[in-house]
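The values are calculated or read from the model by the stated rules, or taken from the named source; none is laboratory data. Source: prediction; values computed, not measured. Neighbour counts run over all protein chains shown; Cβ positions are idealised from the backbone, glycine included. Please note that ligands, DNA and RNA were not included when accessible areas were found on the heavy atoms of the full protein model with its side chains. Shrake-Rupley method; radii C 1.70, N 1.55, O 1.52, S 1.80 Å.
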Amino acid sequence: QRGQTGLVAPIERRQGGKRSDGHDGSSGKSCYFTVQPPAFGSRRPKPMPQAPVYAVDVAVVSEYLPDDSSPNAGRHAFAYHVTLTNTGTVAARLLRRHWIITDGSGHVEEVRGDGVVGQQPLLAPGEQYRYTSGAILGTPVGSMRGSYRMLAADGHPFDAVIPVFTLAMPQALN
């Protein structure tokens with residue numbers, strides 16, 4: 001009979017011709033028991049290599065800039081503070097940006113360019129990069145969204161999504 005491990009061995013005989021299970025073995029039949037695989041102590045199989053993870057999270061907080069705005073002239077200035085966090089397993093460099101800016105009347109403007117605020121930061125896994133930039137809208141309310149084109153240290157390109165966020169003059173949405 002085979003055990004669950006598939007390894008079997010005869011029961012050993014002890015002093016006086018008796019087996020370890022107390023029988024004298026006079027039936028003439030072979031008797032088997034399950035053998036556990038040998039313990040390897042601290043030697044463990046090497047883990048399988050994990051596939052690299054390419055991920056950069058983007059968080060944005062916006063603010064209205066009243067000192068730089070002229071509402072009567074249709075000029076509404078906003079700052080946005082961006083935090084990028086490399087949540088992947090591979091370092092990655094921000095190469096390009098792509099913004100989609102929509103004002104309150106539905107007018108859409110797309111902006112593309114290299115880096116952010118003149119930089120192309122390299123983020124190690126777990127590292128953050130923060131910067132502040134701005135936008136001028138003709139309406140007191142709008143939104144922005146987009147993506148950053150990233151290049152991982154191993155040569156793999158990927159996009160980090162910039163989730164939609166609102167640009168709003170205080171009291172404009174109440």
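Observations on the structure shown:
- 1 or more residues free of Cβ contacts under 8 Å to residues at least 24 places away in the same chain and open to solvent by 60 Å² or more (accessible area, probe 1.4 Å): qualifying strands (runs of 3 or more DSSP E) within region 105-174: 108-114, 157-168
- Qualifying residue in region 87-95 (condition: in contact with a strand residue (DSSP E or B) (Cβ under 8 Å, 6 or more places away or on another chain), within 23 Å of residue 64 (Cα to Cα) and part of a strand (DSSP E or B)): no
- Test: residue in region 85-94 that is loosely packed, with under 14 Cβ neighbours inside 10 Å and among the charged types (D, E, K, R): no
- From the options 21, 67, 57, residue that is open to solvent by 60 Å² or more (accessible area, probe 1.4 Å) and modelled with pLDDT under 85: 21
- Selection count where residues are closer than 24 Å to residue 104 by Cα and of a type in the set (A, V, I, L, M), scope region 124-174: 13
- Residue in region 119-133 that is among the aliphatic types (A, V, I, L, M) and within 14 Å of residue 55 (Cβ to Cβ) present: yes
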